[in-house]
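Asks: If you scroll down you'll find the structure; I have some questions about it.
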Amino acid sequence: MELLSTINLLALVLLPFVIPKIWEACWIFLLRPWMITRRFKKQGISGPKYRFVYGNLKEIKKMKKEAKDWVLDPNSNDIFPRVVPHYHQWLSQYGETFLYWNGTKPTVFISDPELGKQILSTKLGFAVIAKKRPEVFILFGKGLPFIEGDDWARHRRILNPAFSIDRLKVMTKRMVDCTLRMLKEWRTQRKGEEVVMRMEINKDFHRLISDIIATTAFGSSYEEGIELFRSQAELGKYFLTSLTSVFIPGTQYLPTPTNLQLWKLDKNVKDSIKRIIDARLKSSSKNCGDDLLGIMLKAAASKEYEKTMSMDEIVDECKTFYISGQGSSATLLTWTTFLLSSHQDWQEKLREEVFNECGKDTVPDSDTFSKLKLMNMVLMESLRLYGPVIKMVREATQDMKIGHLDIPKGTSIIVPFLKMHTDKAIWGEDAKQFNPLRFENGVSQAANQPNALLPFSVGPRTCIAQNFAMMEAKTVLTMILQRFRISLSPEYKHTPVDYFNLHPQYGLPVILQPLDTR
């Protein structure tokens with residue numbers, strides 16, 4: 001009896017703490033999903049049924065797994081059903097706007113380009129970067145794309161000069177030097193009198209872009225940062241696995257085997273960056289330099305809050321630029337090479353333009369690239385069909401109205417670039433065909449709606465490094481076209497897949513034929 005009384009007393013003591021938690025769980029897992037579903041139904045918006053705790057994550061995981069077995073025709077650019085099969089299926093079932101559940105997170109898919117631009121370009125703070133899982137910050141750092149408000153404005157103001165036109169002109173020479181090293185390695189891979197070379201070029205592009213970023217932005221090199229790149233590649237694998245699993249707040253602090261490995265890899269990345277920073281600070285030069293790292297280190301020494309950055313913030317920005325810059329630029333190069341290999345006529349047109357403007361042996365510079373009109377058109381078309389970033393996510397920070405839609409607070413909003421960039425209503429009947437000439441009169445005239453191409457987003461949060469990425473692509477492609485003719489290897493499987501950026505699932509094996517066979 002005494003034990004029973006003690007248990008009853010303990011239950012009474014704990015009851016005030018337990019009941020709120022039970023109510024909170026009922027709200028999150030049952031009542032809120034039911035209420036939000038009803039709210040959207042009144043607006044004529046439906047979607048796949050919410051499942052307890054998991055939402056639609058299990059369906060997404062199943063459809064993505066099945067889609068990975070599909071191999072597409074290399075001549076087809078209709079990649080949306082393979083890359084995001086769940087969106088493709090739900091579009092056909094529920095229409096252009098639908099609601100689905102990322103766990104307990106309500107998510108609205110909006111494919112109207114005008115609403116999409118409104119969401120991305122708003123300056124009123126209603127639609128902001130969605131709250132991210134801890135794995136995102138471990139991989140990318142809390143850099144410019146993931147911070148808000150005054151911190152974002154301060155970082156953007158400090159970092160802008162690193163990507164000015166004058167700085168890009170200086171960086172172009174270093175991009176050329178890095179590319180020359182890669183091309184020299186390609187030449188040495190020729191065996192004896194063999195003219196044709198076979199290689200998986202996607203890996204080479206990732207290594208090259210890593211070298212360019214390390215050299216131009218941090219005064220380092222790929223070799224010095226090799227541990228950083230390896231650790232970030234491993235972190236990327238954990239991140240991809242986490243996308244279709246339910247996140248339980250607080251579990252990121254538990255010493256599970258996965259978390260222990262994540263913490264180890266994160267430490268390796270931070271230690272690598274700190275070594276690069278220490279080397280710069282200990283250099284004999286009194287000036288920190290005028291590259292990205294130098295500009296941030298000067299900010300660290302500033303006494304004005306609006307112009308200063310802490311060392312932790314610098315490390316986070318380095319992580320962000322390393323991983324985001326490498327993935328996006330390497331992917332742009334990979335898919336542009338794929339398109340030029342599939343369309344030999346355009347490869348020859350670009351080569352002719354390069355020879356006319358740069359010559360066959362001349363090392364290109366930033367002034368040369370402004371003359372490459374066809375090159376720019378091909379890159380725009382590549383970004384349209386195979387843009388590295390296939391969607392953008394925002395979150396409603398309060399109940400808000402976008403166009404005709406009432407969006408409840410806490411709802412994520414998907415702006416699907418991959419869908420919008422191949423929409424026939426916007427781009428015409430040839431929307432899924434490779435046609436760089438659509439950009440002959442500029443981006444604003446390429447579609448039925450002005451500025452329908454959004455590969456770098458739009459508005460105040462447009463990608464700060466977009467000019468840097470385009471200069472990288474023009475440098476590398478120009479120098480390859482001066483030296484090699486490229487064609488697809490028979491081993492190539494057309495399998496685009498969403499690994500945060502749009503990647504070829506099995507790489508891009510190509511055949512390179514040197515133009516000078518001596």
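The values are calculated or read from the model by the stated rules, or taken from the named source; none is laboratory data. Note that the coordinates shown come from a computational prediction; the quantities given were computed from them, not determined experimentally. With ideal geometry, Cβ positions are generated from the backbone for all residues, glycine too; neighbour counts draw on all protein chains shown.
Asks: Could you give every pair whose Cβ atoms fall below 9 Å, whose first residue belongs to region 368-384 and is without any contact (Cβ under 8 Å) to a residue 24 or more places away in the chain, and whose second residue is part of a helix (DSSP H, G or I) and charged (D, E, K, R), counting only separations of at least 6 or pairs across chains?
Replies: Lys371/Glu353; Lys371/Glu357; Lys373/Glu353
Asks: Given the structure, is Asp399 in contact with a Lys or Arg (Cβ under 7 Å, 6 or more places away or on another chain), of a type in the set (Asp, Glu) and buried (at least 20 other Cβ atoms within 10 Å of the Cβ)? Working first, answer last.
Replies: Details: in contact with a Lys or Arg (Cβ under 7 Å, 6 or more places away or on another chain): yes; of a type in the set (Asp, Glu): yes; buried (at least 20 other Cβ atoms within 10 Å of the Cβ): no.
The answer is no for Asp399.
Asks: I'd like to know if region 496-511 contains one or more residues that are surrounded by 20 or more Cβ atoms within 10 Å (Cβ to Cβ), assigned to a helix (DSSP H, G or I) and over 19 Å from the mean Cα position of the chain (by Cα).
Replies: No: zero hits.
Asks: Taking Phe321, is it in contact (Cβ under 8 Å) with a residue 24 or more places away in the chain, of a type in the set (Phe, Trp, Tyr) and touching a helix residue (DSSP H, G or I) at 6+ places or on another chain (Cβ under 7 Å)?
Replies: On the way: in contact (Cβ under 8 Å) with a residue 24 or more places away in the chain: yes; of a type in the set (Phe, Trp, Tyr): yes; touching a helix residue (DSSP H, G or I) at 6+ places or on another chain (Cβ under 7 Å): yes.
Against the criterion (in contact (Cβ under 8 Å) with a residue 24 or more places away in the chain, of a type in the set (Phe, Trp, Tyr) and touching a helix residue (DSSP H, G or I) at 6+ places or on another chain (Cβ under 7 Å)), Phe321 qualifies.
Asks: Here are the criteria: (1) closer than 24 Å to Gly327 by Cα; (2) surrounded by fewer than 20 Cβ atoms within 10 Å (Cβ to Cβ); (3) more than 21 Å from the chain's Cα centre (by Cα); (4) at pLDDT 90 or above. Tell me which single one Lys373 does not satisfy.
Replies: The number of the failed condition is (1).
Asks: Let me ask something else about it. Of all helices (runs of 4 or more DSSP H) completely enclosed by region 56-150, which ones contain at least 3 residues that are at pLDDT below 95?
Replies: 57-67, 113-121, 134-140
Asks: While we're on this one: Six or more apart or on different chains, Cβ under 6 Å: which pairs go from a residue in region 82-111 that's crowded, with 21+ Cβ neighbours inside 10 Å and among the aromatic types (Phe, Trp, Tyr) to one that's part of a helix (DSSP H, G or I) and modelled with pLDDT of 95 or more? Could you list them?
Replies: Going by the 6 Å Cβ cut-off, the qualifying pairs are Phe98/Trp90.
Asks: I'd like the full set of residues that are part of a strand (DSSP E or B) and in contact with a helix residue (DSSP H, G or I) (Cβ under 8 Å, 6 or more places away or on another chain), limited to region 377-409.
Replies: Step one: of region 377-409, the residues part of a strand (DSSP E or B) are 392-396, 400-402, 405-407.
The answer is Met392, Arg394, Ile402, Leu405, Asp406.
Asks: Another one. Please identify the pairs in which a residue from region 396-408 that is farther than 18 Å from Gly116 by Cβ and at pLDDT 85 or above has its Cβ atom under 9 Å from the Cβ atom of a residue that is of a type in the set (Asp, Glu) and in a loop (DSSP other than H, G, I, E, B), counting only partners at least 6 apart or on another chain.
Replies: Going by the 9 Å Cβ cut-off, the qualifying pairs are Pro408/Asp399.
One line per residue, one yes/no per condition, for (1) among the acidic types (Asp, Glu); (2) out of contact with any Phe, Trp or Tyr (no Cβ under 8 Å at 6 or more places or on another chain); (3) outside any helix (DSSP H, G or I):
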position: Ala425; (1), (2), (3): no, yes, no
position: Arg438; (1), (2), (3): no, no, no
position: Asn441; (1), (2), (3): no, yes, yes
position: Met471; (1), (2), (3): no, no, no
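Asks: Ok, one more. Would you please name the residue that is nearest to the chain's Cα centre (by Cα), looking only at residues in region 473-495 that are in a loop (DSSP other than H, G, I, E, B) and among the hydroxyl-bearing types (Ser, Thr, Tyr)?
Replies: Residues of region 473-495 in a loop (DSSP other than H, G, I, E, B): 489-493, 495.
Imposing the further condition that a residue be among the hydroxyl-bearing types (Ser, Thr, Tyr) reduces the set to 489, 492, 495.
Details: Ser489: 27, Tyr492: 24, Thr495: 18 Å.
Selected residue: Thr495.
Asks: Related question: Output the residue which, of all residues in region 340-365 that are of a type in the set (D, E, K, R) and assigned to a helix (DSSP H, G or I), is surrounded by the fewest Cβ atoms within 10 Å (Cβ to Cβ). Explain how you work it out, then say what you get.
Replies: If we filter region 340-365 for residues that are of a type in the set (D, E, K, R), which is where we start, we get 345, 348-349, 351-353, 357, 360-361, 365.
With the extra rule that they be assigned to a helix (DSSP H, G or I), the set shrinks to 345, 348-349, 351-353, 357.
Details: Asp345: 8, Glu348: 13, Lys349: 17, Arg351: 20, Glu352: 12, Glu353: 18, Glu357: 19.
Selected residue: Asp345.
Asks: Here's something else I'd like to know. Only one residue in Thr368, Thr337 is in contact with a helix residue (DSSP H, G or I) (Cβ under 7 Å, 6 or more places away or on another chain), over 30 Å from His155 (Cα atoms) and crowded, with 22+ Cβ neighbours inside 10 Å. Which one? Step through it out loud before you land on a result.
Replies: Details: Thr368 fails: crowded, with 22+ Cβ neighbours inside 10 Å.
Just one listed residue meets the conditions, Thr337.
Asks: I've got another one for you. What are the residues in region 266-295 that are touching a Gly at 6+ places or on another chain (Cβ under 8 Å) and exposed (fewer than 15 other Cβ atoms within 10 Å of the Cβ), if any?
Replies: Result: Asn287, single match.
Asks: Another one. Please go through (1) closer than 30 Å to Asp365 by Cβ; (2) modelled with pLDDT of 95 or more for Leu515 and return the number of the only condition it doesn't satisfy.
Replies: (2)
Asks: Same structure again: Looking at region 203-230, which of its residues are out of contact with any Ser or Thr (no Cβ under 7 Å at 6 or more places or on another chain), among the small types (Gly, Ala, Ser) and assigned to a helix (DSSP H, G or I)? Before the answer, list the steps.
Replies: Our first condition is that a residue be out of contact with any Ser or Thr (no Cβ under 7 Å at 6 or more places or on another chain); within region 203-230, this holds for 203-204, 206-207, 210, 212-213, 216-220, 223-224, 226, 230.
In the following step, the residues that additionally are among the small types (Gly, Ala, Ser) were identified as 210, 217, 219-220.
Scanning region 203-230 gives Ser210, Ala217.
Asks: Which numbered condition trips up Glu472, out of (1) among the acidic types (Asp, Glu); (2) modelled with pLDDT under 90; (3) surrounded by 21 or more Cβ atoms within 10 Å (Cβ to Cβ)?
Replies: Tallying (1) among the acidic types (Asp, Glu); (2) modelled with pLDDT under 90; (3) surrounded by 21 or more Cβ atoms within 10 Å (Cβ to Cβ), Glu472 fails exactly one: (2).
Asks: As an exercise: evaluate Pro450 against (1) touching a helix residue (DSSP H, G or I) at 6+ places or on another chain (Cβ under 6 Å); (2) touching a residue at least 40 places away in the same chain (Cβ under 8 Å) and give the number of the one condition it does not meet.
Replies: Against the list (1) touching a helix residue (DSSP H, G or I) at 6+ places or on another chain (Cβ under 6 Å); (2) touching a residue at least 40 places away in the same chain (Cβ under 8 Å), Pro450 comes up short only on (2).
Asks: In region 148-165, how many residues are of a type in the set (D, E, K, R) and surrounded by 20 or more Cβ atoms within 10 Å (Cβ to Cβ)? So that I can check it myself, show each step before the final result.
Replies: Let us first name the residues in region 148-165 that are of a type in the set (D, E, K, R), namely 148, 150-151, 154, 156-157.
Next, from what is left, pick out any that are surrounded by 20 or more Cβ atoms within 10 Å (Cβ to Cβ): none.
Total meeting the criteria: 0.
Asks: Here's something else I'd like to know. With Lys298, Lys319 as the choices, which residue is touching a Phe, Trp or Tyr at 6+ places or on another chain (Cβ under 8 Å) and either surrounded by 15 or more Cβ atoms within 10 Å (Cβ to Cβ) or at pLDDT below 90 (or both)? Let's see the steps before the verdict.
Replies: Working: Lys298 fails: touching a Phe, Trp or Tyr at 6+ places or on another chain (Cβ under 8 Å).
Checking each option against the conditions leaves just Lys319.
Asks: Being more than 23 Å from Phe229 (Cα to Cα) and part of a helix (DSSP H, G or I) is the requirement here; does Ala279 meet it? Give the steps one after another, and end with the answer.
Replies: On the way: more than 23 Å from Phe229 (Cα to Cα): no; part of a helix (DSSP H, G or I): yes.
Answer is no for this residue.
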